[in-house]
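Below: the structure, in structure tokens.
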Amino acid sequence: MRKTEQLALPAAGESSLPNDPPLRAVRAFEAIARHGSVTAAAQELSISPSAVSHQLRVLESYLQVPLTNRQGRRLVLSPEGRDYYRSIRSAFSVLRRATEHLLDQSQSRQVTISLIPLFGMGWFIPRLPRFMRANSQTEINVLYANHRNYLSDASDMSIRFGKGQWTGYQTEKLISGRMAPVCSREFLRLHGHIDTPQQLAQMPLLHDEERSTWAQWFEQQGVRKPFRYSGPMFEDGLLTLAAVQAGMGCALMREPLIAPYLQSGELVKVFNETVDDGRDYYLCVRADSEMSEAGRLLQNWLREEAAKEG
């Protein structure tokens, strides 16, 4: 539990600033001026009319000028009172807006998550409607994360791709990053069915970030291709996915992230054998901050969804 910080308050009758007015009295005057009535001001402030009148006298005594005049049974602002009200009105307006904004934030159950695009499109967003139906009061903000440059950001949590070590973050593995060879159904229609890894080695190959992963996969299957693996290389999985969908070739992709395309039949898994390049998807939270209730809800839901992957 965090220790409660003690604020140093000025002693009674001690002003923190040379011209610091009695703020309770200023607040009472502002309500009188805005409503044009002591009674209405008292109702707003939840005090008696006599208490409001007393605060008005305190302020007038402090300023040494009359702020109101009596016209029959009505109380009207004096010229000095009108000038003073015009001066303080904007300050109270700023104070109210700032307070309303903070209250809105504290009452709203918002949580921000950052993730790389392919993870968002292929895994997170297809599942997100279930979370929103079960947690209708929680508002989700989704941001992009660049896995090549994971700097500290303002997100409550992030899904990161790598080996699980990022300074300043607590991490836990969410889903596997193992890859399997896939292609489009149209690619198979044009090139014919691929029965063996040796046949696959003769097909156009696409590379996600690096070319060595295909060599690793083929070596595991007992195929040693004597020449350098050719074919276009793409910076991230989203670009690689677009190339596979366009029928440009076969690629090693992470099955949980392309499950919707496999289920629809748009993409086809050529072989079930996978390769592990040592990188996985991790749920990360900053080590120096406490997770909100909304954040914990999303965090637990992500764990539950990931557990379904087996």
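Before moving on, here are some points about what is shown:
- Single unsatisfied condition, ASN135 versus (1) open to solvent by less than 50 Å² (accessible area, probe 1.4 Å); (2) modelled with pLDDT of 90 or more; (3) within 24 Å of LEU238 (Cβ to Cβ): (3)
- The set of residues from region 252-261 being modelled with pLDDT of 95 or more and surrounded by fewer than 21 Cβ atoms within 10 Å (Cβ to Cβ) is empty.
- Every residue from region 146-203 that is modelled with pLDDT of 90 or more, surrounded by 19 or more Cβ atoms within 10 Å (Cβ to Cβ) and assigned to a loop (DSSP other than H, G, I, E, B): GLY177, ILE194
- Helices (runs of 4 or more DSSP H) fully within region 36-116 counting 2 or more residues that are touching a residue at least 24 places away in the same chain (Cβ under 8 Å) and more than 30 Å from ALA145 (Cα to Cα): 49-63, 79-107
- Number of positions in region 170-204 that are touching a Lys or Arg at 6+ places or on another chain (Cβ under 6 Å) and closer than 19 Å to ALA145 by Cβ: 1
- Test: residue in region 165-174 that is free of Cβ contacts under 8 Å to residues at least 60 places away in the same chain and either over 22 Å from ASP276 (Cβ atoms) or under 34 Å from the mean Cα position of the chain (by Cα) (or both): yes
- Selection from region 60-81 of residues that are in contact with a strand residue (DSSP E or B) (Cβ under 9 Å, 6 or more places away or on another chain) and either among the basic types (Lys, Arg) or surrounded by 14 or more Cβ atoms within 10 Å (Cβ to Cβ) (or both): GLU60, LEU67, THR68, ARG70, LEU75, LEU77, SER78, GLY81
- In region 237-263, the residues that are closer than 12 Å to LEU206 by Cβ and not in a helix (DSSP H, G or I): ALA246, GLY247, MET248, GLY249, CYS250, ALA251, LEU252, MET253
- Single residue of MET233, MET248 found to be in contact with a Pro (Cβ under 7 Å, 6 or more places away or on another chain) and farther than 19 Å from ASN272 by Cα: MET248
- Scan of region 264-288 for residues that are open to solvent by 20 Å² or more (accessible area, probe 1.4 Å), touching a Pro at 6+ places or on another chain (Cβ under 9 Å) and assigned to a strand (DSSP E or B), ordered by number: LYS269
- Residue in region 118-125 that is of a type outside the set (Asp, Glu), surrounded by fewer than 16 Cβ atoms within 10 Å (Cβ to Cβ), at pLDDT 90 or above and out of contact with any Leu (no Cβ under 7 Å at 6 or more places or on another chain) present: yes
- Annotation note: of GLY177, GLY168, the sole residue that is closer than 16 Å to MET253 by Cα, touching a strand residue (DSSP E or B) at 6+ places or on another chain (Cβ under 7 Å) and of a type outside the set (Asp, Glu) is GLY177.
- Conditions (1) within 30 Å of ALA154 (Cβ to Cβ); (2) in contact with a Ser or Thr (Cβ under 7 Å, 6 or more places away or on another chain); number of the one not met by LEU67: (1)
- Residues (open to solvent by less than 50 Å² (accessible area, probe 1.4 Å), of a type in the set (A, V, I, L, M, F, W, C) and touching a residue at least 40 places away in the same chain (Cβ under 8 Å)) located in region 220-251: LEU241, VAL244, CYS250, ALA251
- Checking each residue in region 38-57 for being among the hydrophobic types (A, V, I, L, M, F, W, C) and open to solvent by less than 50 Å² (accessible area, probe 1.4 Å) picks out VAL38, ALA40, ALA41, ALA42, LEU45, ALA51, VAL52, LEU56.
- Condition check for ALA307: hydrophobic (A, V, I, L, M, F, W, C), surrounded by fewer than 13 Cβ atoms within 10 Å (Cβ to Cβ) and touching a strand residue (DSSP E or B) at 6+ places or on another chain (Cβ under 8 Å): no
The values are calculated or read from the model by the stated rules, or taken from the named source; none is laboratory data. Note that the coordinates shown come from a computational prediction; the quantities given were computed from them, not determined experimentally. Virtual Cβ from ideal backbone geometry, glycine too; neighbours counted across all protein chains shown. Just so you know, the surface numbers come from the protein's heavy atoms only, side chains and all, with ligands and any DNA or RNA stripped out. Shrake-Rupley method; radii C 1.70, N 1.55, O 1.52, S 1.80 Å.
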